[in-house]
Amino acid sequence: MRKPTLYAMLAAFLIGYVAHMGVARIMTFVNRHQIDVTYHWKRVDAYHAYLRNPGNYTVTNGLSGATIPYDIEPHLAYLVSANELYHVDLILPTVPYGDKANRHWMQYVERHRETIIHASGSVPNGGPFRIAGAAPLHLSIWYRPGAAKTVQQLIDELESLATQEPKAEQAEQPAP
């Protein structure tokens, strides 16, 4: 066999080997990413299944509650980074924090649980500082791409509730 043919065969083998290894690495990355996305979706689904199971709730002092099984936010954050979900952190200054607003957003999210994957509200806290006036509603919402209108509808409904409350309070006050 002539040397140029041998060199050509050796070069073809090396090029094929390098190309194969490169494709294998890319496919491993793609498959690992899909496995990671699937893993995080399973954790989110298991979290919600746990919270929707009435057997996981206990009654203490007349209030029903469940122990949170694990922190869901790292799983949601991964899904946001993978473009599986969007996240918005809202402070609604015209909506006072309270039972009526909390009940409304929780029921809304439950009705739209296929598009709004998770939502949480936090108790407004000024830390060591005292804040005058009613505390505003603060929500964090994770939702599927394409569900922005559903989230906007929730915001509109909550703001509508807030504008209805003062009128009702004024009507209840006796005339001077």
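Some notes on this structure:
- Taking every residue in region 138-151 that is on the phi > 0 side of the Ramachandran plot and pairing it with any residue that is open to solvent by 50 Å² or more (accessible area, probe 1.4 Å) and β-branched (Val, Ile, Thr), at least 6 positions away or on another chain, yields no pair with a Cβ-Cβ distance below 7 Å.
- Count - residues of region 22-55 that are at pLDDT 90 or above, over 21 Å from Pro145 (Cβ atoms) and assigned to a helix (DSSP H, G or I): 7
- Selection status of Val123, touching a residue at least 40 places away in the same chain (Cβ under 8 Å) and either closer than 27 Å to Lys149 by Cα or of a type in the set (Gly, Ala, Ser) (or both): no
- Within region 114-164, the set of residues being in a loop (DSSP other than H, G, I, E, B), under 16 Å from Leu79 (Cα atoms) and open to solvent by 30 Å² or more (accessible area, probe 1.4 Å) comprises Glu114, Thr115, Arg144, Pro145, Gly146.
- The number of residues in region 59-79 that are surrounded by 14 or more Cβ atoms within 10 Å (Cβ to Cβ), touching a residue at least 12 places away in the same chain (Cβ under 8 Å) and more than 16 Å from Gly121 (Cβ to Cβ) comes to 4.
- Some residue of region 103-113 being surrounded by 11 or more Cβ atoms within 10 Å (Cβ to Cβ), of a type in the set (Asp, Glu) and not in a loop (DSSP other than H, G, I, E, B): yes
- Among the residues of region 56-81, those identified as under 27 Å from Gly146 (Cβ atoms) and part of a helix (DSSP H, G or I) are Glu73, Pro74, His75, Leu76, Ala77, Tyr78, Leu79, Val80, Ser81.
- Every residue from region 80-101 that is within 25 Å of Glu157 (Cα to Cα), open to solvent by 60 Å² or more (accessible area, probe 1.4 Å) and of a type outside the set (Ser, Thr, Tyr): His87, Asp89, Ile91, Pro93, Asp99, Lys100
The values are calculated or read from the model by the stated rules, or taken from the named source; none is laboratory data. The structure presented is a predicted model; accordingly, all values stated were derived computationally and were not measured. Cβ atoms come from the backbone with ideal geometry, glycine included; neighbour counts cover every protein chain shown. Note: areas computed on protein heavy atoms with side chains; ligands, DNA, RNA excluded. Shrake-Rupley method; radii C 1.70, N 1.55, O 1.52, S 1.80 Å.
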